[in-house]
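Take a look at the structure set out below.
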Amino acid sequence: MRAVVYQKPFSVSVDQVPKPTILHPDDVIVKVTTTCICGSDLHMYEGRTAAKPGIIFGHENMGIVDEVGSGVTLLKKDDRVVMPFNVACGRCTNCEEGRTAFCTIVNPGFGYVAMGPYSGGQAEYVRVPFADFNALVLPPGIEHEEDFALLADIFPTGWHGVQLSGFRPGESIVVFGAGPVGLMAAYSAIIRGASDVFVVDRVPERLEKAKEIGAIPIDFSTSDPVDQIINIRGGKEVDRGVDAVGYQAVSGDGKTEQPNVVLEALIRVVRPTGGLGIPGLYVPSDPGAPDSAAAQGYISFPFGKLFEKGLSLGTGQCNVKAYNRYLRDLIISGRAKPSFVVSHNLKLDSAAEAYEKFDKRIDGYTKVLLHP
C-alpha cells in the first residue's frame, strides 16, 4: 500500500510499504478514507521529537472496517469508524477512569511519539488495536466526512483545553494560538456559552477564521496581546485561558522561539482564581530547543505569580474517548460543524507538498485532509 513515510527533518515521501495485517484477535484493519495532517505532525516533521526515519505518519484517521479480528465483538466489516489519536487498551486503571490519553499499557511513558509500536494512518490502510474500545462507529455513507475526521483529535482536543481551564458558561476566555486546535478551543467555548472569546495569533488567515466564528481576534505581532485584551475589557482580565501553542511558541516577530511566552502571558491575563488549560504540546526533550534547559523540557515561568493569583492549571493530552461520541452527536444534530477549519482536501500523493506548505503557513494551508 501507499503511505506517508518520514525520511528526515522537513522531508516525507509517499512510498510503497507492506499492508497491515491482523496481529491480535482484538485488531481490525481499516481502509482509510480520510486522514489529517496535524500541527503535532509538524513537530516530528521538523525533527523536534524522538521520531525516527522510516515511521509512517498520521494519527487522525477514519475509514471503513475492512477486516475484523476473531476477538472483536462490537464492530463488523464495512462499519464507518473514526479512531482517537491516542490508542488505549480500555482495561488499565487510567482507561477505566476515563484517562485514555494516559493508558499505562499502550503508552507507559506518556510520550507523544512513543505511543506503542503502531504505524500511522496517513496510508491506504491502518491496523487498529483494541478495536472495540478505540473505534467510534459513525453513520454510514459519506455525510459529514470532514467534520467526523476532526473527531480523531482536534475537535476533542480543543474541547479538552476549555475543560482543563475550568470554564463555566457565561465566562470569558482567551485562546493563544489560532491553529486548528486553537480554533476548535474557541469554537468549543462559543458552543458552551462563553461571553467573550479572544483568540491570539499573528497569521491573518487564522485570525480571520477566528473572527468568522464570533471570536475577537488579537494580533500579537502588532503589540502585547495581554495589554490589547485588558484594554478591550476596560481594564479587566479574563476568567479562563487556553494554551493551544505549546513548546514552539514564538515572540512577536514570529521567528524567535520563546517556549515560555504563552505561559507568561496566560498568567498575566487570567484573573485571580481563574484557570489555565494547556492542551498545547510540551515535551520532555527537544532536539531543536533554543537553549539547553528547554532541550531537557525545563521551561521558566513565573510560578510565584501563578501562586499569588491562586490560578488553577490543567495540562495533558486529550482523553478523546471522554468527548468524541458526544461531539459526534453534536455534528449529527447540526449543532456543531468543526470543518470550518479545513482548508484543503488532497490526494495522499500530495502529502509532501502539503507538509511543506502547512509547515510554512503559506497559501492558506490551515488544516489539510488527505484522501487515499
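General remarks:
- Segment 17-113 - Rg (one decimal) and Dmax (whole number), Cα, Å: 14.7, 40
- Counting only lysines at least 8 places from K19 when in the same chain, those with an alpha carbon closer than 23 Å to its own are K8, K31, K52, K76, K77, K347.
- Net charge over other residues, Cβ less than 13 angstrom from the Cβ of H59 (K, R count +1; D, E count -1): -3
- Residue-count net charge about I267 - beta-carbon cut-off 12 Å; Lys, Arg +1, Asp, Glu -1: 0
- Note on segment 155-315: antiparallel DSSP beta bridges, both residues inside, total approximately 5 percent of the bridges counted.
- Longest site-free stretch - the chain; sites: chymotrypsin sites (Phe, Trp or Tyr not before Pro), DSSP loop, at most 16 other Cβ within 10 Å: 119-297
- Counted over all Cα-Cα pairs of the chain, pairs farther apart than 41 Å make up 9 percent.
- Net charge over other residues, Cβ less than 13 angstrom from the Cβ of Y247 (K, R count +1; D, E count -1): -4
- Scanning the chain for GluC sites (Glu not before Pro) in DSSP loops with at most 13 neighbouring Cβ atoms within 10 Å leaves 144-372 as the longest stretch between them.
- Exposure rule at most 10 other beta-carbon atoms within 10 Å, DSSP loop trypsin sites (Lys or Arg not before Pro): the chain longest free segment: 1-254
- DSSP beta bridges in the chain [antiparallel fraction, %, rounded to 5]: 55
- Between segment 1-67 and segment 169-239, the Cα center-to-center distance that results, in Å: 33
Quick note: the coordinates plus some simple rules give every number you see, no bench work behind them. Remember, it's a predicted structure, so these values are computed and weren't measured experimentally. Virtual Cβ from ideal backbone geometry, glycine too; neighbours counted across all protein chains shown.
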